[in-house]
Structures are given as structure tokens and as C-alpha cells.
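Novice: Before anything else, here's the structure in question.
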Amino acid sequence: MSQPRKSAAAALAARAVSGGQNDWPPGWGFNSHGINTGRYIDPRFARLEHERLWMRVWQAAARLDEIPESGDFTTYEIGDQSILLVRIDASTVKAYYNACPHRGTALAEGCGHFGRARIICPFHGWRWDLTGRNQFVLERQEFCDGHLRDADVALKEVKVELFAGFVFINLDPDPEPFDAFIAPVRSVIEDLAIGDMHHYWWKSISVPANWKVAQEAFFEAFHVPATHPQLEKAGAEMIFGDRKDVEFSHRNVSYDVYPHGHGRFYGGKKTPMAGHVREDARKGDPVDDMAARLKLLVDGMDAMILQEDIDILMSLKGKPVPEGSSLGGEYMKALYARAAEQGRPMPKPVPEIIGMWGGEVFIFPNLMILPQAGNAMIYRVRPQGSDPDHCIFEILSTKTYPAAVTPPRASVERVTDIRDPEQVRLIPRQDLGNIPRIQKGLHARGMRHSWLAADQEKIILNMHRELDRYLGS
Ligand code: FES
Ligand SMILES: [Fe+2]
């Protein structure tokens, strides 16, 4: 590293303690230029996050698709806490600590259905209805001198809010209001029809990296030419070859940050649907070129863009693009026309929402929604137990379904090898290939902090600022 950068690093290290937490170790600080490595590798920092963030923040515990019918249940694990989520009726879900009040047995594991609307502990058979009211205590007269009250042994509730097809929970008995928490991103998520999306596939992966490292790999688009060279050939030729002066796609991406730690990035007017034509797609037949590009996403992810979308695009082949329109614009009209025929919900057809396609909305602390035309990919990342070096990384591919189709119940598949092409498609496999390497590098004693790009990595900085608001209070 050159001399001037060394002095910049020294100055950064000297200013590293941030957020007013002046008694914190220097490794836990950050400033607008970079994030200190202790925040990703220190077990004490992970413990602080557990107590002050995860036990107090609104977090997506489930999709409603996991529990579509009354009596369906699923469980959600965060750190050492297990939460039981139960569908009561069409509009009500309740969440309980997953513990029997008698001796503590976890009342459920995984996902399933409580037959006859009864929750029965497997140890001594105490029983509750779906609303958590006790119905049966074996040998009741033996407890509390025969004065055990139902209220003493009701299931202990956790706060719940339903939004956009998610079940959000908060373990704080007196949390900040959900409406205030979600307000900065509510309308964009509603207009993207995320609440109408249903299960297509869902995978859960144990990744050897801190949960923040894993999610921050998806907070910007400028990793695309190096990490996914097939998606940005010209950029890759500049990085890995001798090409100069390329039109980098990531420069077409805008980044916004919001209060409460949320953020988003998007192409806006620079998306193909808004008529933008990429430099490397100006050669052959425009429909074939666009289809070939979309196929990279179908084959590489099977999410966001699906084969059925390409079939609609191919129906435009040979048709002239009307004056004043574009291929992207015509494709969009065809997508909406097909959806209307099928009674399939779609995002609101306004420029601000169309411009979000191919971008991302981040909901603090750990949920990323990547929308497209009636499909969305969702990433959810959280710590695995209390280990700062491991996280649970999930990918949910979702879509809206035609009115005549009943969407399937969501069920998760566990990935056993992140390098296995049979289990993880190319694009997430490329991202997941880097993530453990980042974690490894963050342990290097010669590595004190990362460097942040002021605009393109500002969602990372905003996230850490909000994290410190929780950790410091
Ligand atoms: S531990 Fe549940 S009934 Fe005894
Ligand atoms: Fe990526």
C-alpha cells in the first residue's frame, strides 16, 4: 500500500470508535470510511448483538405460506431462543416462546399442524388451545396446593405483526411500534406486490461467515463484474483482461438509505423495462439478445426471472416495436397482459416501481427483497447460535400465482454443500464462494477495518449506524 493510504488508515484507526460507545474496544468501531473487523469476528460483540439487537428488533420469523391453514405451526430460531408460530385463522397468527410452562420442553419442532387445534406437550401431556390458553394439566391438584391458575400456565406470547406475507415478531415486551419501524419502506414493498408472492422454492444454508458479512455481499451491485463475470462481460474484461473504458452496468444503479437502517438500490430509468439498452446487447436480434441475458438469470438462480417470463418475451419475436416504445416497454406490456388474463397479481405499473425491478429493498436488520415482474427473491440472514463465524443464510424464490392455482405450502430444503451445483445455482454459488473468504480475511491481524465506497456501499454504513442505535441503548 502506498504511503498516503497508510496514513489514511492510521487516521481511520485513530478515529475508529464511533456511535458514542466510548468504552468499547477499538475493534468495535466504524466511521464513514470503513467498518472495524471486531464487529464481524468478536464473540463478545455477537453476544451484545444477541441481547440488544435480536431480543428487541422486529424481525421476519416466517412467511405466511409456511402456515396457510388454521392449526398450522412453524418454529423460528434466533440465537438460543426458539419461537412457536401458530396460525389461528385467516387474519391471525400468534407467536409463543417454544417452551412448556411445566418443565420447559419445546412444544414443537420444525413445521407441522396441531390436530384438533390442540397443542400437547410431549413430556407429560399438558395441553393448550391455539390461543395459548391452558386446557389440561395432568394431576392438577398436585400443583400450587391445588390453586394453579390457568393464567400461570398460559403460553407466553411474543409480539406479532403481519406485513407483506411475512410474520414479523419482536421479543421485546414493549418494542418500538411496528408502523414506525416499517414506514420508510412500506409503500414500495406494498406496490411491488410482495404480499401477493407465494412459495416457489426455499433453501437454508449454514455459511461459515458472520451474518453481516453474508448480507453485506448483497448490499451493492458493483461486485457483479468480478463475482459474476457472465452477467457483465465488458466489466469483467476490464477487471481480468486489458479492456478499457467500458460502460459498467453498476454505474446505472442508484442507492437510497432510510431511517431505521433500511435501504434500497435500483436501476430506475436505466432498467431495460424502462427502455434502456445495454451496450453489450446492441448486436444481434434484440429479442434473442434480451432472452439470452434473461436466461442467465433463469439458469443462474431460478428466481426473479423464470422461464415463463422468457416465453412471454419470445412471443414478441418478429413483431415491430411501435414508434416511441422500446423492446423493454413492449415486454412489460406483454407481461401485464398475460397476468391480467390469468388473474395473477402484479406490481403497480408505475415508473418508480418498474424501476425497482432487478434492484433490492433491504429491511433492517436482515431481510433483502429482490423484486421483478410478479416474482421476487428474498434473502434472510441471521446468526447461527452465538457463533460470530457462522450464519443461517436463506434464499426464498417467490412468485404470484394465477387466480385458479392454489399456491403450495412453503417448506425449506437444507443445503449440505454450498459448492454443489445440484444444490445451489451458479449466481448464489458465486456469491457464497466469496462470503467465507471474506470472513477468513477479516480475522487477519493485518486487517483492522474495511474501506467503504461512499455511495455504492452506503447501505452497509447505514445498517451499522442503526445497529449501534440498538447496541448503545
Ligand atoms: S414438561 Fe410439558 S407437560 Fe411436563
Ligand atoms: Fe452477487
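The values are calculated or read from the model by the stated rules, or taken from the named source; none is laboratory data. All of these numbers come straight from a predicted model, not from anything done at the bench. Heads up, the Cβs are rebuilt from the backbone with ideal geometry, glycines too, and the neighbour counts pull from every protein chain shown. Accessible surface is based on the protein model in full, side chains and every heavy atom, while ligands, DNA and RNA are left aside. Shrake-Rupley method; radii C 1.70, N 1.55, O 1.52, S 1.80 Å.
Novice: Of all the residues that make up segment 95-115, how many are touching a residue at least 40 places away in the same chain (Cβ under 8 Å) and either over 26 Å from Arg63 (Cα atoms) or out of contact with any strand residue (DSSP E or B) (no Cβ under 9 Å at 6 or more places or on another chain) (or both)?
Specialist: Summing the residues that are touching a residue at least 40 places away in the same chain (Cβ under 8 Å) and either over 26 Å from Arg63 (Cα atoms) or out of contact with any strand residue (DSSP E or B) (no Cβ under 9 Å at 6 or more places or on another chain) (or both) in segment 95-115 gives 3.
Novice: Could you check segment 153-190 and list, in sequence order, the residues that are within 18 Å of the chain's Cα centre (by Cα), farther than 21 Å from Glu77 by Cβ and of a type in the set (D, E, K, R)?
Specialist: Arg186, Glu190, listed by residue number.
Novice: If you go through segment 262-292 one residue at a time, how many are in a helix (DSSP H, G or I), open to solvent by 40 Å² or more (accessible area, probe 1.4 Å) and modelled with pLDDT under 85?
Specialist: Counting residues in segment 262-292 that are in a helix (DSSP H, G or I), open to solvent by 40 Å² or more (accessible area, probe 1.4 Å) and modelled with pLDDT under 85 gives 6.
Novice: Among the candidates Ile182, Ile239, single out the residue that is under 30 Å from Gly110 (Cα atoms) and aliphatic (A, V, I, L, M).
Specialist: Ile182
Residues are listed down the side, and each one gets a yes or a no for (1) farther than 25 Å from Pro407 by Cα; (2) more than 28 Å from the chain's Cα centre (by Cα); (3) outside the structural domain of Ala404 (by TED's automatic domain parsing):
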residue	(1), (2), (3)
Met290	yes, no, no
Ala303	no, no, no
Met314	yes, yes, no
Pro322	yes, yes, no
Ala339	no, no, no
Glu352	yes, no, no
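Novice: To continue, here is another question. For segment 114-122, does any single residue satisfy the condition of being buried (at least 18 other Cβ atoms within 10 Å of the Cβ), among the aromatic types (Phe, Trp, Tyr) and assigned to a loop (DSSP other than H, G, I, E, B)?
Specialist: Scanning segment 114-122 turns up at least one residue that is buried (at least 18 other Cβ atoms within 10 Å of the Cβ), among the aromatic types (Phe, Trp, Tyr) and assigned to a loop (DSSP other than H, G, I, E, B).
Novice: I would also like to ask the following. Scan segment 326-338 and tell me whether some residue there is surrounded by 19 or more Cβ atoms within 10 Å (Cβ to Cβ), more than 16 Å from Ile395 (Cα to Cα) and touching a Gly at 6+ places or on another chain (Cβ under 6 Å).
Specialist: yes
Novice: Out of all the residues in segment 197-225, which are open to solvent by 50 Å² or more (accessible area, probe 1.4 Å) and either within 11 Å of ligand 2 (Cβ to nearest atom) or hydrophobic (A, V, I, L, M, F, W, C) (or both)?
Specialist: Across segment 197-225, the qualifying residue is only Phe222.
Novice: Something else about it: Say we look at segment 96-113 and pick out the residues that are within 14 Å of ligand 1 (Cβ to nearest atom) and not in a loop (DSSP other than H, G, I, E, B); which of these is most open to solvent (accessible area, probe 1.4 Å)?
Specialist: Tyr97
Novice: Let me ask something additional. Looking at (1) modelled with pLDDT under 90; (2) away from ligand 2 (no atom under 16 Å from the Cβ), which one does Val257 not meet, given that it meets all the others?
Specialist: Only one criterion is unmet by Val257, namely (1).
Novice: Before we move on, is Arg186 within 29 Å of Tyr470 (Cβ to Cβ) and either free of Cβ contacts under 8 Å to residues at least 60 places away in the same chain or surrounded by 13 or more Cβ atoms within 10 Å (Cβ to Cβ) (or both)?
Specialist: Yes, satisfied.
Novice: When you go through (1) among the aromatic types (Phe, Trp, Tyr); (2) closer than 20 Å to Phe45 by Cβ; (3) not in a strand (DSSP E or B) one by one for Phe393, which number turns out not to apply?
Specialist: (3)
Novice: Separate question: Among the residues of segment 125-136, which ones are touching a residue at least 24 places away in the same chain (Cβ under 8 Å) and in a loop (DSSP other than H, G, I, E, B)?
Specialist: Trp126, Leu130, Thr131, Gly132
Novice: Looking only at segment 396-429, which residues are within 16 Å of ligand 2 (Cβ to nearest atom), buried (at least 20 other Cβ atoms within 10 Å of the Cβ) and not in a loop (DSSP other than H, G, I, E, B)?
Specialist: Ser397, Ile427, Pro428
Novice: Check off (1) within 16 Å of ligand 2 (Cβ to nearest atom); (2) assigned to a helix (DSSP H, G or I) for His464 and give me the number that stays unchecked.
Specialist: Unmet for His464, out of (1) within 16 Å of ligand 2 (Cβ to nearest atom); (2) assigned to a helix (DSSP H, G or I): (1).
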